[in-house]
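J.: First, the structure itself, so that you have it in front of you.
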Amino acid sequence: RGEDDFLGIEESLEELAQLADTAGLLVVGSTYQKLAHPNSRTYIGSGKVSEIKNAIHALDVETVIFDDELSAGQLRNLEKAFGGDVRVCDRTALILDIFNQRAATHEAALQVSLAQMEYQLPRLTKMWSHLERQAGGRVKGMGEKQIEVDKRILRTQITALRKELESVREHRRQYRNRRVSVPVPVVSLVGYTNAGKSTILNRLTGADVLAEDRLFATLDPTTRRVQLNNGKEFLLTDTVGFIQKLPTTLVAAFRATLEEISESSLLVHVVDISHPLAQQQTWAVDKILSELDVASIPKLVVWNKVDKTMDPTKIKMEALERDHVICISALSGDGLKELCDAIQGKLKDSMVWIEALVP
Ligand code: GDP
(Lines give C-alpha, C1' and ligand atoms only; values in the text may rest on other atoms or scores of the structure.)
Protein backbone atom coordinates (compact mmCIF):
# COMPACT_ATOMS: atom_id res chain seq x y z
CA ARG A 1 0.00 0.00 0.00
CA GLY A 2 1.18 3.53 -0.77
CA GLU A 3 2.67 5.58 2.03
CA ASP A 4 0.64 8.71 1.27
CA ASP A 5 -2.75 7.12 1.91
CA PHE A 6 -4.51 8.68 4.83
CA LEU A 7 -6.72 5.66 5.24
CA GLY A 8 -5.46 2.95 7.54
CA ILE A 9 -5.50 -0.59 6.19
CA GLU A 10 -8.83 -1.37 7.78
CA GLU A 11 -10.50 1.85 6.61
CA SER A 12 -9.18 1.30 3.12
CA LEU A 13 -10.60 -2.23 3.12
CA GLU A 14 -13.87 -0.83 4.43
CA GLU A 15 -13.95 1.59 1.51
CA LEU A 16 -13.13 -1.29 -0.84
CA ALA A 17 -16.04 -3.26 0.64
CA GLN A 18 -18.34 -0.29 0.02
CA LEU A 19 -17.10 -0.13 -3.56
CA ALA A 20 -17.80 -3.85 -3.96
CA ASP A 21 -21.28 -3.30 -2.59
CA THR A 22 -21.79 -0.46 -5.05
CA ALA A 23 -20.78 -2.87 -7.83
CA GLY A 24 -23.52 -5.21 -6.65
CA LEU A 25 -21.32 -7.79 -4.90
CA LEU A 26 -22.00 -9.33 -1.50
CA VAL A 27 -18.92 -9.06 0.72
CA VAL A 28 -18.39 -12.12 2.94
CA GLY A 29 -15.06 -11.28 4.52
CA SER A 30 -11.77 -9.45 4.34
CA THR A 31 -8.21 -10.02 5.42
CA TYR A 32 -4.81 -8.36 5.15
CA GLN A 33 -1.16 -9.04 5.67
CA LYS A 34 1.79 -6.86 6.56
CA LEU A 35 4.79 -7.49 4.35
CA ALA A 36 7.95 -5.45 3.84
CA HIS A 37 7.42 -5.80 0.07
CA PRO A 38 4.57 -7.27 -1.94
CA ASN A 39 5.38 -10.72 -3.26
CA SER A 40 6.27 -10.25 -6.93
CA ARG A 41 4.52 -13.47 -7.98
CA THR A 42 1.36 -13.43 -5.87
CA TYR A 43 1.34 -10.02 -4.11
CA ILE A 44 0.64 -11.80 -0.79
CA GLY A 45 2.76 -14.54 0.78
CA SER A 46 2.18 -18.25 0.19
CA GLY A 47 0.70 -18.78 3.68
CA LYS A 48 -1.88 -16.08 3.02
CA VAL A 49 -2.64 -17.62 -0.36
CA SER A 50 -3.54 -20.95 1.32
CA GLU A 51 -5.55 -19.20 3.99
CA ILE A 52 -7.63 -17.39 1.36
CA LYS A 53 -7.96 -20.57 -0.66
CA ASN A 54 -9.50 -22.30 2.37
CA ALA A 55 -11.87 -19.42 2.93
CA ILE A 56 -12.89 -19.54 -0.73
CA HIS A 57 -14.01 -23.14 -0.32
CA ALA A 58 -15.60 -22.64 3.08
CA LEU A 59 -17.59 -19.57 2.05
CA ASP A 60 -18.19 -20.44 -1.60
CA VAL A 61 -16.45 -17.28 -2.76
CA GLU A 62 -16.68 -16.26 -6.42
CA THR A 63 -14.49 -13.17 -6.46
CA VAL A 64 -11.36 -12.08 -4.58
CA ILE A 65 -10.60 -8.35 -4.76
CA PHE A 66 -7.22 -6.86 -3.91
CA ASP A 67 -6.98 -3.30 -2.66
CA ASP A 68 -3.94 -2.48 -4.80
CA GLU A 69 -3.27 -2.73 -8.48
CA LEU A 70 -1.99 -6.18 -9.43
CA SER A 71 0.27 -6.97 -12.37
CA ALA A 72 -0.85 -9.34 -15.13
CA GLY A 73 1.46 -12.00 -13.68
CA GLN A 74 0.13 -11.62 -10.15
CA LEU A 75 -3.46 -11.86 -11.38
CA ARG A 76 -2.66 -15.02 -13.33
CA ASN A 77 -0.71 -16.66 -10.52
CA LEU A 78 -3.39 -15.89 -7.96
CA GLU A 79 -6.17 -17.27 -10.14
CA LYS A 80 -4.12 -20.39 -10.70
CA ALA A 81 -3.44 -20.72 -6.97
CA PHE A 82 -7.05 -20.22 -5.93
CA GLY A 83 -8.23 -22.60 -8.64
CA GLY A 84 -11.70 -23.23 -9.99
CA ASP A 85 -13.65 -20.36 -11.43
CA VAL A 86 -12.57 -17.85 -8.82
CA ARG A 87 -12.23 -14.39 -10.33
CA VAL A 88 -9.37 -12.28 -9.03
CA CYS A 89 -9.48 -8.56 -9.58
CA ASP A 90 -8.00 -5.39 -8.16
CA ARG A 91 -9.34 -2.05 -6.98
CA THR A 92 -8.90 -0.45 -10.39
CA ALA A 93 -10.90 -3.14 -12.19
CA LEU A 94 -13.62 -2.85 -9.56
CA ILE A 95 -13.87 0.93 -9.95
CA LEU A 96 -13.90 0.50 -13.72
CA ASP A 97 -16.82 -1.91 -13.35
CA ILE A 98 -18.71 0.66 -11.32
CA PHE A 99 -17.93 3.43 -13.79
CA ASN A 100 -19.16 1.20 -16.54
CA GLN A 101 -22.45 0.63 -14.75
CA ARG A 102 -22.84 4.31 -13.96
CA ALA A 103 -21.65 6.08 -17.08
CA ALA A 104 -24.70 8.13 -17.94
CA THR A 105 -23.56 10.38 -20.77
CA HIS A 106 -21.86 9.58 -24.03
CA GLU A 107 -18.72 11.39 -22.90
CA ALA A 108 -18.53 9.49 -19.62
CA ALA A 109 -19.08 6.19 -21.44
CA LEU A 110 -16.24 7.01 -23.83
CA GLN A 111 -13.96 7.96 -20.96
CA VAL A 112 -14.71 4.74 -19.16
CA SER A 113 -14.16 2.63 -22.29
CA LEU A 114 -10.85 4.35 -22.84
CA ALA A 115 -9.74 3.74 -19.26
CA GLN A 116 -10.86 0.10 -19.55
CA MET A 117 -8.88 -0.49 -22.72
CA GLU A 118 -5.81 1.14 -21.27
CA TYR A 119 -6.18 -1.10 -18.26
CA GLN A 120 -6.53 -4.19 -20.45
CA LEU A 121 -3.58 -3.50 -22.72
CA PRO A 122 -0.77 -4.72 -20.43
CA ARG A 123 -2.98 -7.54 -19.12
CA LEU A 124 -3.91 -9.19 -22.41
CA THR A 125 -1.53 -12.10 -21.83
CA LYS A 126 -3.86 -13.46 -19.21
CA MET A 127 -6.72 -14.26 -21.54
CA TRP A 128 -4.53 -16.12 -24.00
CA SER A 129 -2.60 -18.14 -21.49
CA HIS A 130 -6.00 -19.32 -20.25
CA LEU A 131 -6.87 -20.53 -23.72
CA GLU A 132 -3.51 -22.22 -24.05
CA ARG A 133 -4.08 -24.07 -20.83
CA GLN A 134 -7.56 -25.13 -21.87
CA ALA A 135 -6.17 -26.49 -25.11
CA GLY A 136 -3.57 -28.45 -23.19
CA GLY A 137 -0.70 -26.47 -24.63
CA ARG A 138 -1.60 -27.32 -28.23
CA VAL A 139 -1.99 -23.71 -29.22
CA LYS A 140 1.26 -22.60 -27.65
CA GLY A 141 2.97 -19.94 -29.68
CA MET A 142 -0.25 -19.14 -31.42
CA GLY A 143 -1.35 -17.45 -28.20
CA GLU A 144 1.65 -15.18 -28.26
CA LYS A 145 1.11 -14.21 -31.87
CA GLN A 146 -2.53 -13.58 -31.07
CA ILE A 147 -1.55 -11.32 -28.16
CA GLU A 148 0.43 -9.12 -30.55
CA VAL A 149 -2.52 -8.95 -32.95
CA ASP A 150 -4.90 -8.14 -30.11
CA LYS A 151 -2.60 -5.47 -28.74
CA ARG A 152 -2.45 -3.83 -32.14
CA ILE A 153 -6.24 -3.91 -32.47
CA LEU A 154 -6.65 -2.49 -28.99
CA ARG A 155 -4.16 0.30 -29.66
CA THR A 156 -6.01 1.26 -32.83
CA GLN A 157 -9.28 1.32 -30.89
CA ILE A 158 -7.69 3.46 -28.17
CA THR A 159 -6.50 6.01 -30.75
CA ALA A 160 -9.96 6.14 -32.34
CA LEU A 161 -11.61 6.55 -28.96
CA ARG A 162 -9.29 9.39 -27.99
CA LYS A 163 -10.22 11.22 -31.20
CA GLU A 164 -13.92 10.70 -30.64
CA LEU A 165 -13.61 11.86 -27.04
CA GLU A 166 -11.83 15.01 -28.13
CA SER A 167 -14.59 15.89 -30.57
CA VAL A 168 -17.30 15.21 -27.97
CA ARG A 169 -15.44 17.45 -25.52
CA GLU A 170 -15.08 20.19 -28.08
CA HIS A 171 -18.82 20.05 -28.68
CA ARG A 172 -19.48 20.29 -24.95
CA ARG A 173 -17.12 23.25 -24.60
CA GLN A 174 -19.03 25.12 -27.27
CA TYR A 175 -22.30 24.22 -25.65
CA ARG A 176 -21.00 25.37 -22.29
CA ASN A 177 -19.75 28.64 -23.69
CA ARG A 178 -23.24 29.28 -24.93
CA ARG A 179 -24.65 28.41 -21.54
CA VAL A 180 -22.21 30.66 -19.71
CA SER A 181 -23.38 33.59 -21.77
CA VAL A 182 -26.84 33.13 -20.25
CA PRO A 183 -26.67 35.19 -17.05
CA VAL A 184 -27.69 32.47 -14.63
CA PRO A 185 -25.12 31.71 -11.94
CA VAL A 186 -23.87 28.13 -11.69
CA VAL A 187 -23.33 26.60 -8.26
CA SER A 188 -21.35 23.34 -8.13
CA LEU A 189 -21.65 20.77 -5.38
CA VAL A 190 -18.28 19.14 -4.79
CA GLY A 191 -17.15 16.73 -2.13
CA TYR A 192 -16.05 13.31 -1.12
CA THR A 193 -18.10 10.47 -2.45
CA ASN A 194 -21.17 9.61 -0.35
CA ALA A 195 -21.10 13.01 1.41
CA GLY A 196 -24.72 13.66 0.40
CA LYS A 197 -24.42 15.79 -2.74
CA SER A 198 -27.23 14.10 -4.67
CA THR A 199 -29.46 14.26 -1.62
CA ILE A 200 -28.87 18.01 -1.34
CA LEU A 201 -29.53 18.45 -5.04
CA ASN A 202 -32.80 16.53 -4.68
CA ARG A 203 -33.77 18.47 -1.60
CA LEU A 204 -33.17 21.84 -3.20
CA THR A 205 -34.72 21.05 -6.55
CA GLY A 206 -37.15 18.23 -6.01
CA ALA A 207 -35.31 16.52 -8.87
CA ASP A 208 -35.28 12.80 -9.07
CA VAL A 209 -31.53 12.24 -9.11
CA LEU A 210 -30.21 8.91 -7.94
CA ALA A 211 -29.34 9.02 -4.21
CA GLU A 212 -28.17 5.78 -2.72
CA ASP A 213 -25.98 4.71 0.13
CA ARG A 214 -23.40 3.70 -2.41
CA LEU A 215 -20.18 5.12 -3.67
CA PHE A 216 -20.25 6.83 -7.02
CA ALA A 217 -23.99 7.33 -7.10
CA THR A 218 -23.14 10.27 -9.34
CA LEU A 219 -20.67 9.92 -12.14
CA ASP A 220 -21.81 12.68 -14.42
CA PRO A 221 -22.53 16.25 -13.55
CA THR A 222 -26.25 16.74 -13.29
CA THR A 223 -27.60 20.22 -13.44
CA ARG A 224 -30.90 21.52 -12.11
CA ARG A 225 -32.54 24.87 -11.75
CA VAL A 226 -33.14 26.19 -8.24
CA GLN A 227 -35.36 29.15 -7.46
CA LEU A 228 -34.63 31.22 -4.38
CA ASN A 229 -37.31 33.01 -2.42
CA ASN A 230 -36.19 36.31 -3.95
CA GLY A 231 -37.39 34.91 -7.26
CA LYS A 232 -33.87 34.60 -8.66
CA GLU A 233 -32.62 31.36 -10.09
CA PHE A 234 -29.33 29.56 -10.22
CA LEU A 235 -28.16 26.31 -11.75
CA LEU A 236 -27.08 23.67 -9.26
CA THR A 237 -24.63 21.07 -10.54
CA ASP A 238 -23.76 17.80 -8.89
CA THR A 239 -20.25 16.60 -9.62
CA VAL A 240 -18.56 13.24 -9.43
CA GLY A 241 -17.41 12.31 -5.93
CA PHE A 242 -13.79 12.33 -4.89
CA ILE A 243 -12.20 9.18 -3.57
CA GLN A 244 -8.99 8.31 -1.82
CA LYS A 245 -6.64 6.07 -3.80
CA LEU A 246 -8.12 6.88 -7.15
CA PRO A 247 -6.15 4.70 -9.57
CA THR A 248 -3.88 6.86 -11.72
CA THR A 249 -5.42 5.41 -14.87
CA LEU A 250 -8.74 6.96 -13.90
CA VAL A 251 -7.52 10.42 -13.00
CA ALA A 252 -7.94 11.77 -16.55
CA ALA A 253 -11.55 10.64 -16.70
CA PHE A 254 -12.26 12.29 -13.35
CA ARG A 255 -10.57 15.54 -14.24
CA ALA A 256 -12.45 15.89 -17.49
CA THR A 257 -15.72 15.55 -15.64
CA LEU A 258 -14.57 18.05 -13.04
CA GLU A 259 -13.52 20.64 -15.63
CA GLU A 260 -17.04 22.01 -15.34
CA ILE A 261 -16.25 23.27 -11.86
CA SER A 262 -14.06 26.05 -13.20
CA GLU A 263 -17.10 27.65 -14.86
CA SER A 264 -18.99 27.99 -11.57
CA SER A 265 -19.88 31.17 -9.71
CA LEU A 266 -19.79 29.31 -6.41
CA LEU A 267 -18.49 26.00 -5.08
CA VAL A 268 -20.36 24.23 -2.32
CA HIS A 269 -18.04 21.74 -0.65
CA VAL A 270 -20.19 19.07 1.00
CA VAL A 271 -18.64 17.19 3.92
CA ASP A 272 -20.12 14.18 5.71
CA ILE A 273 -19.42 15.54 9.18
CA SER A 274 -20.57 12.30 10.80
CA HIS A 275 -17.76 10.38 9.08
CA PRO A 276 -14.84 9.48 11.37
CA LEU A 277 -12.43 10.69 8.68
CA ALA A 278 -14.35 13.88 7.82
CA GLN A 279 -11.27 16.03 8.41
CA GLN A 280 -9.01 13.96 6.17
CA GLN A 281 -11.68 13.78 3.48
CA THR A 282 -12.00 17.57 3.59
CA TRP A 283 -8.26 17.92 3.10
CA ALA A 284 -8.27 15.42 0.24
CA VAL A 285 -10.97 17.39 -1.58
CA ASP A 286 -9.24 20.72 -0.90
CA LYS A 287 -6.03 19.32 -2.30
CA ILE A 288 -7.68 18.31 -5.57
CA LEU A 289 -9.56 21.61 -5.77
CA SER A 290 -6.30 23.50 -5.43
CA GLU A 291 -4.92 21.49 -8.34
CA LEU A 292 -7.95 22.36 -10.46
CA ASP A 293 -7.16 26.06 -10.50
CA VAL A 294 -10.44 27.19 -8.95
CA ALA A 295 -8.98 29.21 -6.07
CA SER A 296 -10.65 32.41 -7.26
CA ILE A 297 -14.16 30.94 -7.09
CA PRO A 298 -16.05 31.70 -3.84
CA LYS A 299 -16.68 28.67 -1.68
CA LEU A 300 -19.13 27.53 0.97
CA VAL A 301 -18.54 24.51 3.17
CA VAL A 302 -21.53 22.40 4.13
CA TRP A 303 -21.30 20.04 7.07
CA ASN A 304 -23.95 17.50 6.18
CA LYS A 305 -25.46 14.57 8.13
CA VAL A 306 -25.37 16.48 11.41
CA ASP A 307 -28.31 14.27 12.51
CA LYS A 308 -25.94 11.31 12.46
CA THR A 309 -23.37 12.88 14.78
CA MET A 310 -23.10 12.16 18.50
CA ASP A 311 -23.73 15.75 19.54
CA PRO A 312 -25.49 17.78 16.82
CA THR A 313 -25.79 20.89 18.99
CA LYS A 314 -22.04 21.00 19.57
CA ILE A 315 -21.29 20.53 15.87
CA LYS A 316 -23.74 23.29 14.97
CA MET A 317 -22.04 25.63 17.46
CA GLU A 318 -18.67 24.79 15.95
CA ALA A 319 -19.95 25.56 12.47
CA LEU A 320 -21.32 28.91 13.66
CA GLU A 321 -17.87 29.88 14.89
CA ARG A 322 -16.38 29.40 11.45
CA ASP A 323 -16.68 31.52 8.34
CA HIS A 324 -18.51 30.08 5.35
CA VAL A 325 -19.54 26.86 7.12
CA ILE A 326 -23.21 25.82 7.16
CA CYS A 327 -24.37 22.85 9.17
CA ILE A 328 -27.26 20.85 7.72
CA SER A 329 -29.05 17.55 7.54
CA ALA A 330 -30.09 17.00 3.96
CA LEU A 331 -32.13 14.06 5.17
CA SER A 332 -34.27 15.89 7.73
CA GLY A 333 -34.12 19.27 6.00
CA ASP A 334 -32.51 20.89 9.02
CA GLY A 335 -30.45 23.94 7.98
CA LEU A 336 -31.51 23.89 4.32
CA LYS A 337 -33.01 27.37 4.55
CA GLU A 338 -29.75 28.70 5.99
CA LEU A 339 -27.92 27.02 3.13
CA CYS A 340 -30.16 28.74 0.56
CA ASP A 341 -29.64 32.07 2.31
CA ALA A 342 -25.88 31.57 2.34
CA ILE A 343 -25.85 30.66 -1.36
CA GLN A 344 -27.96 33.73 -2.07
CA GLY A 345 -25.57 35.92 -0.06
CA LYS A 346 -22.51 34.53 -1.79
CA LEU A 347 -23.99 34.94 -5.24
CA LYS A 348 -24.91 38.51 -4.47
CA ASP A 349 -21.25 39.10 -3.63
CA SER A 350 -20.13 37.53 -6.83
CA MET A 351 -22.03 40.19 -8.86
CA VAL A 352 -23.37 37.67 -11.34
CA TRP A 353 -26.91 38.78 -10.73
CA ILE A 354 -26.06 42.39 -11.27
CA GLU A 355 -25.13 41.46 -14.81
CA ALA A 356 -28.28 39.41 -14.95
CA LEU A 357 -30.35 42.50 -14.17
CA VAL A 358 -29.08 44.27 -17.27
CA PRO A 359 -31.69 43.60 -19.98
P1 GDP B 1 -23.23 11.66 -2.89
O2 GDP B 1 -22.39 10.50 -3.29
O3 GDP B 1 -22.40 12.76 -2.29
O4 GDP B 1 -24.12 12.18 -3.97
O5 GDP B 1 -24.15 11.15 -1.66
P6 GDP B 1 -25.72 10.79 -1.63
O7 GDP B 1 -26.54 12.02 -1.74
O8 GDP B 1 -25.98 9.68 -2.58
O9 GDP B 1 -25.87 10.28 -0.11
C10 GDP B 1 -25.21 9.15 0.35
C11 GDP B 1 -25.99 8.52 1.48
O12 GDP B 1 -26.03 9.39 2.61
C13 GDP B 1 -27.46 8.24 1.13
O14 GDP B 1 -27.81 7.01 1.73
C15 GDP B 1 -28.21 9.36 1.78
O16 GDP B 1 -29.53 9.00 2.14
C17 GDP B 1 -27.38 9.60 3.01
N18 GDP B 1 -27.53 10.98 3.50
C19 GDP B 1 -27.43 12.11 2.78
N20 GDP B 1 -27.63 13.19 3.56
C21 GDP B 1 -27.85 12.72 4.81
C22 GDP B 1 -28.13 13.36 6.07
O23 GDP B 1 -28.21 14.56 6.22
N24 GDP B 1 -28.27 12.53 7.14
C25 GDP B 1 -28.18 11.18 7.04
N26 GDP B 1 -28.34 10.47 8.16
N27 GDP B 1 -27.94 10.55 5.89
C28 GDP B 1 -27.78 11.32 4.77
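J.: What order, most packed first, do the peptides 335-341, 11-17 have when packing is the mean number of other Cβ atoms within 10 Å of each residue?
T.: Highest to lowest by the protection proxy: 11-17, 335-341.
J.: Another question about this same structure. Sorted by mean Cβ packing within 10 Å, highest first, what order do the peptides 234-243, 315-324 take?
T.: Descending mean neighbour count gives 234-243, 315-324.
J.: Compute the Cα gyration tensor for the range 9-101, then decide on rounded, prolate or oblate, letting a ≥ b ≥ c be the square roots of its eigenvalues: rounded whenever a/c is under 1.5, prolate when a/b is larger than b/c in the other cases, and oblate in all that remain.
T.: rounded
J.: Could you calculate the FRET efficiency of residue 41 with residue 124 from 1/(1 + (r/R0)^6), where r is the beta carbon distance between them and R0 is 22 Å, rounded to 0.05?
T.: E between residue 41 and residue 124, to the nearest 0.05, is 0.70.
J.: Still on this structure, I have one more. Using the heavy atoms of the protein chains and a 1.4 angstrom probe, tell me the accessible area per residue for the range 1-124 in square angstrom.
T.: Result: 51 Å² per residue.
J.: Right, another one. Taking 0.36 nm per residue of sequence separation and subtracting the Cα-Cα distance, how much length would be gained by fully extending the chain between residue 262 and residue 145, in nm to one decimal?
T.: Net length gain for the segment: 37.4 nm.
J.: With 32 Å as the limit, write out which pairs from 287/316; 48/287; 34/314; 316/348; 163/346 have Cα-Cα distances beyond it, or answer none.
T.: 48/287; 34/314; 163/346
J.: If you don't mind, another one. I'd like to compare 144-155, 65-76: which one has the highest average count of other Cβ atoms within 10 Å, and what's the full order after that?
T.: With the highest mean Cβ count within 10 Å placed first, the list reads 65-76, 144-155.
J.: Could you give the nm distance between label points at residue 58 and residue 317, where each point is 7 Å from its Cα heading toward the beta carbon?
T.: 4.9 nm
J.: Any chance you could run the full-extension gain for residue 27 through residue 152? It's 0.36 nm times the residue separation minus the Cα-Cα distance, nm to one decimal.
T.: So the chain would gain 41.3 nm between residue 27 and residue 152.
The values are calculated or read from the model by the stated rules, or taken from the named source; none is laboratory data. Here the structure is a predicted model, which means the values were calculated and not measured. When we count neighbours, we look across all protein chains shown, and the Cβ atoms used for this are built from the backbone with ideal geometry, even at glycine. Surface areas here come from the heavy atoms of the whole protein model, side chains and all, with no ligands, DNA or RNA. Shrake-Rupley method; radii C 1.70, N 1.55, O 1.52, S 1.80 Å.
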